[in-house]
Amino acid sequence: MTQLVAPAAVDLPDELYDVSLGFDWMRHLSDCWMLRLAFASAYASDGENNSRNAWQFRGAVLGIRQWGETWQLVVGAVASGRRDFPVFPGVGAIWKPSPAFRLDLVFPQPRASWRVFDNGSRQQWLYFGGGISGGTWAYQQSGGLEDVLTYNEWRALVGWEWVPTPRPGALLTVGHKLAVELGYGFAREFEFDRPRPALQLDDTLLLRTTWRF
């Protein structure tokens with residue numbers, strides 16, 4: 001749930017909802033290539049506009065090639081469900097020169113990570129990253145007119161995460177993960193499908209905590 005605080009004159013909903021269900025599948029195709037597929041169906045709306053604009057397809061098709069001991073090359077596409085950037089190129093490289101450092105140079109959210117603690121079962125990492133963030137929701141104006149709004153934001157952030165230690169040879173790490181991030185958001189705006197001016201927002205600081213399991 002996302003809450004909006006805005007003047008009544010801009011006619012925006014008080015709350016927006018986003019619910020999705022999907023799956024993520026990874027498999028080795030050869031000693032060098034790995035395939036990752038992700039598909040999800042999402043409902044993104046204010047709860048009043050239940051038209052087809054409230055339903056989104058999200059997913060990714062990525063090929064990952066191991067290049068030597070320390071490099072992985074990534075090529076593919078990511079479907080975001082957004083109106084402004086419906087498909088991102090999932091292209092870039094991952095550099096892991098040591099078990100304690102990882103550099104993800106993959107659009108749209110590059111990140112550099114340093115491991116600062118490892119007790120054998122769990123690890124702590126510090127990271128610096130950024131990229132594009134936001135989303136698209138269908139909503140209904142106060143007069144009953146249906147529209148679609150897209151929130152766009154670029155951000156830079158630093159963070160800390162506490163994760164399970166990866167098992168050798170495992171494609172995914174199973175277990176709960178905790179992260180805390182402090183960031184700076186800029187180039188923020190709301191865009192609309194109907195012909196109305198975009199709303200420009202001030203830059204902001206953000207604090208986010210996530211718990212995944």
* Given R122, R155, which one is touching a residue at least 40 places away in the same chain (Cβ under 8 Å) and within 18 Å of the chain's Cα centre (by Cα)? -> R155
* Looking at this structure, is S45 without any contact (Cβ under 8 Å) to a residue 24 or more places away in the chain, of a type in the set (S, T, N, Q) and under 23 Å from T136 (Cα atoms)? -> no
* Matching residues in the range 197-213 - criterion: being free of Cβ contacts under 8 Å to residues at least 60 places away in the same chain and surrounded by 14 or more Cβ atoms within 10 Å (Cβ to Cβ) -> L201
* Looking at (1) out of contact with any strand residue (DSSP E or B) (no Cβ under 7 Å at 6 or more places or on another chain); (2) in a strand (DSSP E or B); (3) under 27 Å from V148 (Cβ atoms), which is the one condition that is false for P97? -> (3)
* Of all the residues that make up the range 181-196, how many are in contact (Cβ under 8 Å) with a residue 12 or more places away in the chain and exposed (fewer than 12 other Cβ atoms within 10 Å of the Cβ)? -> 1
* Would you be able to say whether some residue in the range 126-144 is of a type outside the set (S, T, Y) and out of contact with any strand residue (DSSP E or B) (no Cβ under 9 Å at 6 or more places or on another chain)? => yes
* To do: For residues that are surrounded by 15 or more Cβ atoms within 10 Å (Cβ to Cβ) and either farther than 23 Å from A77 by Cα or among the aliphatic types (A, V, I, L, M) (or both), tally how many sit in the range 104-121.
  => 3
* Asked: Out of the range 61-78, which residues are surrounded by fewer than 18 Cβ atoms within 10 Å (Cβ to Cβ) and either among the hydrophobic types (A, V, I, L, M, F, W, C) or under 14 Å from the mean Cα position of the chain (by Cα) (or both)?
  -> V61, W67, W71, L73, V75, A77
* Structure fact -> Restricting the range 13-34 to residues that are surrounded by 15 or more Cβ atoms within 10 Å (Cβ to Cβ) and not charged (D, E, K, R), the one nearest to G81 (Cα to Cα) turns out to be L16
* Can you name the strands (runs of 3 or more DSSP E) wholly within the range 140-213 that have at least 2 residues being closer than 21 Å to A54 by Cβ? -> 146-164, 177-192
* Just checking, how many residues over the range 107-125 are among the hydroxyl-bearing types (S, T, Y) and in a strand (DSSP E or B)? -> 1
* **Selection within the range 101-126 - small (G, A, S) and at pLDDT 95 or above** => A112, S113
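The values are calculated or read from the model by the stated rules, or taken from the named source; none is laboratory data. All values derive from a computational prediction rather than experimental measurement. Glycine also receives a Cβ, built like all others from the backbone with ideal geometry; neighbour counts cover every protein chain displayed.
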